Amino acid sequence: MSSVQINGPRDGHTRSATVAPGSLVFTAGAAPIDEDGATVAPGNVSEQARRCMANLETALAEAGASLADVAKVTVFVAEHLQADLVVAWDAVTAAFGDHKPAGSLLGVSVLAYDDQLVEIEAVAAIPA
């Protein structure tokens, strides 16, 4: 059972989340890289967002958490069009399913890896 309570969903956006006592997991930015460290799907925001979410799930599992435990997610997109931010956000929310953590979506100028367009970090809560 998750210790994350979603507060105030409105117009499809969650305004906040409350976490019960327990441990917090802070992830580093999940990048769209494969097992060899290569950037996947250069130029494809949607595919990169999906790979970031898969890598995020792996990082959370290593800490004993899952996407259902995420209270806050931040998505960084290195593209100049607002539409590309929406494409990334759609892939992220699809991965979360019915769970809607509080989230931020940011357009940035550059990310760490060659051809990287998306990076995702999260804060999750593990029940005590």
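Any residue at all in the range 58-69 that is out of contact with any His (no Cβ under 9 Å at 6 or more places or on another chain), of a type outside the set (Ser, Thr, Tyr) and more than 23 Å from Ala128 (Cβ to Cβ)?
No, every residue in the range 58-69 fails to be out of contact with any His (no Cβ under 9 Å at 6 or more places or on another chain), of a type outside the set (Ser, Thr, Tyr) and more than 23 Å from Ala128 (Cβ to Cβ).
Run Glu121 past the list (1) touching a residue at least 40 places away in the same chain (Cβ under 8 Å); (2) open to solvent by less than 30 Å² (accessible area, probe 1.4 Å) and report the number of the one that doesn't hold.
(2)
Can you name the residue in the range 77-104 that is of a type in the set (Asp, Glu) and crowded, with 16+ Cβ neighbours inside 10 Å and, of all such residues, is farthest from Ser46 (Cα to Cα)?
Here the residue is Glu79.
For the range 71-90, state whether one or more residues are of a type in the set (S, T, N, Q), closer than 26 Å to Asn7 by Cα and part of a loop (DSSP other than H, G, I, E, B).
No, every residue in the range 71-90 fails to be of a type in the set (S, T, N, Q), closer than 26 Å to Asn7 by Cα and part of a loop (DSSP other than H, G, I, E, B).
Would you pick out the residues in the range 12-38 that are in contact with a Lys or Arg (Cβ under 8 Å, 6 or more places away or on another chain), at pLDDT below 95 and of a type in the set (A, V, I, L, M)?
Of everything in the range 12-38, just one residue is in contact with a Lys or Arg (Cβ under 8 Å, 6 or more places away or on another chain), at pLDDT below 95 and of a type in the set (A, V, I, L, M), namely Ala17.
Name the strands (runs of 3 or more DSSP E) wholly inside the range 1-62 in which the number of residues that are open to solvent by 80 Å² or more (accessible area, probe 1.4 Å) and more than 17 Å from Val75 (Cα to Cα) is 1 or more.
So the answer is 4-7, 22-26.
Working only within the range 105-118, note down all residues that are open to solvent by 40 Å² or more (accessible area, probe 1.4 Å) and not in a loop (DSSP other than H, G, I, E, B).
Leu105, Leu106, Gly107
The values are calculated or read from the model by the stated rules, or taken from the named source; none is laboratory data. Small disclaimer: the values here were computed from a predicted structure and weren't measured. Using ideal geometry, Cβ is built from the backbone for each residue, glycine included, and neighbour counts are taken over all protein chains shown. Surface areas here come from the heavy atoms of the whole protein model, side chains and all, with no ligands, DNA or RNA. Shrake-Rupley method; radii C 1.70, N 1.55, O 1.52, S 1.80 Å.
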